[in-house]
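In what follows, a single structure is set out as structure tokens and then discussed.
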Amino acid sequence: MLVAMWPAIRAFPSTLILFAMGGACLINYARNGTLHCAITAPVSLLAALVMALSEAGIWHVSDLVLWGLVLVAVATAFLIEWRTLGGRPRAADA
């Protein structure tokens, strides 16, 4: 639907995905305070900025490298949350 309303977004598909991921993490962190979202939101938004500059031709960054870094950051964030909180409920859940 967004592409129909704003055709210029077709040139930035990865930017849109990363921006949506970062926005969803910001909302999730604001509502639930999840640790992994505190880490992945800034990573996704920064990656969206870099991807936008790359897709616009301003910077030359490999999409595979950038997506790989995002994947590593997300996996690391989940691992940190799993190791620190485990299966214990947070204070907000109790």
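Values quoted throughout were computed directly from the atomic coordinates according to the rules given, and no laboratory measurement underlies them. Bear in mind that the values here come from a model prediction, so they are computed numbers and not experimental data.
With contacts taken as Cα pairs under 8 Å at a separation of at least 6 residues, segment 13-85 carries a relative contact order of 33 percent. The calculated pair-distance distribution of segment 13-85 uses every alpha carbon pair, bins of 10 angstrom beginning at 0, and gives 22, 48, 23, 6, 0 percent.
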